[in-house]
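*Asks:* Can you read through this structure? Questions will come right after.
The values are calculated or read from the model by the stated rules, or taken from the named source; none is laboratory data. Quantities reported herein were computed from a predicted structural model and do not represent experimental measurements. These area figures cover heavy atoms from the full protein model, side chains too; ligands, DNA and RNA do not enter into them. Shrake-Rupley method; radii C 1.70, N 1.55, O 1.52, S 1.80 Å.
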Amino acid sequence: MSTSEKMQLDVWKGDWGLASIDTECLQVLAYARFNGIPLQVKATNNPFKTPNGRLPVLRTKHTSLDKVSEIIQYLKKTNFDSSSANNSKEYAEFIAYDTMLKDKLYPAMQFIWWLDQTNLNELVRPWYCKAVPFPLNYYYPSKFENQAKAVIETLYPTEDNMTVIENKVYSEAQKCLTSLSTRLGDSKYFLGQSHTMLDAVVYSYLAPLLKTPLVNPPLQNHLKACTNLVTFVTHISQKYFRDEYQQYEKVKSENNVKRMRKDSYTEFPNKRRDQVLAGIFAAAAMIGYALLTGKLEVPIKDNKMINQAEEYILEDEVDE
């Protein structure tokens, strides 16, 4: 099969320095970048135009695939694969960690995005309503929310207390993150000195969890505490998604400068006003204190009034 075959990958668009905000799309993109596979990436944000209503979709002259496992296998056959596990032991470890991520971290991410009402109403739903074409922007957020509910109900079919479910889901996810952190240690990659498919899978989960500006971020905070995992995400972002990473950092830096200037501009008039009022108050207090203690005398310049007062006193003494 020719490596020059034109291949288009339809994905959810990126944001916050991510090439895509979707885990499965990001997994395929990471695998392709690791192996230098040329893909024409199209951010469609419209699953309605896909064969089975989901993204990503790999389109070629001869086929159209929308399952991640099928896409990866197709890319492996089409191109030289340098990221597969090198032996049966590494492959077994890949399967074990891939399963752990699906069982422990995926449910938590579904909960964070679609069931946490704060994140859903203030971040996630507005993002999809803006990204997805009208009128589908009203349909898909509700669809994804229902899918997330189905995932959680499958895991906890007899539990009705959402707080209890949330605690259990986050607890399992935290254990998963801690296990990943322990496995990675001081290494750059999980299975040796170079990237493998496991690194693409782990990155596809951790990068959205780390980079999304969540309003309610308890699990995100746990990830940030695993500093080697943060370094892992940053390293892959800088090396394999350089354009997206640098563009976002540039925009973020420019926005911070604008915000600082705006804050400085709005604070200055108030600060100046407060300084003036404080000065007036201090001066008034000092003068009042001086008058009360007799340290400040008010001169009387009207001699006529003084003379009249003295005459009144003398007359009073004579009458006595």
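*Asks:* Taking only protein heavy atoms and a 1.4 Å probe, what accessible area per residue, in Å², does the stretch 14-144 have with all protein chains in place?
*Replies:* 48 Å²
*Asks:* Hey, another quick one. Using Cα pairs closer than 8 Å and at least 6 residues apart in sequence, work out the relative contact order for the stretch 97-221, in percent.
*Replies:* RCO, the stretch 97-221: 37 percent.
*Asks:* By its C-alpha gyration tensor, with a ≥ b ≥ c as the square roots of the eigenvalues, how is the stretch 6-259 shaped: rounded for a/c under 1.5, else prolate for a/b larger than b/c, else oblate?
*Replies:* Numbers: a/c = 1.26, a/b = 1.11, b/c = 1.14.
Here the stretch 6-259 falls in the rounded category.
*Asks:* Now for a different question. Once you keep just the Cα pairs under 8 angstrom separated by 6 or more residues, what percentage relative contact order results for the stretch 6-259? Before the final figure, lay out each step's value.
*Replies:* Numbers: 285 pairs, mean separation 63.9, N = 254.
Relative contact order here is 25 percent.
*Asks:* A further question on this structure: Largest first, what is the accessible-area ranking of Glu166, Glu254 with a 1.4 Å probe?
*Replies:* These residues rank, largest area first, as Glu254, Glu166.
*Asks:* Also, I was wondering about something else. For Ile21, Ile280, give the ranking by accessible area with the largest first, probe 1.4 Å.
*Replies:* I get Ile280, Ile21, largest accessible area first.
*Asks:* Percent of accessible area on the stretch 6-259 owned by carbon and sulfur, 1.4 Å probe?
*Replies:* Ligands and nucleic acids excluded, carbon and sulfur give 50 percent.
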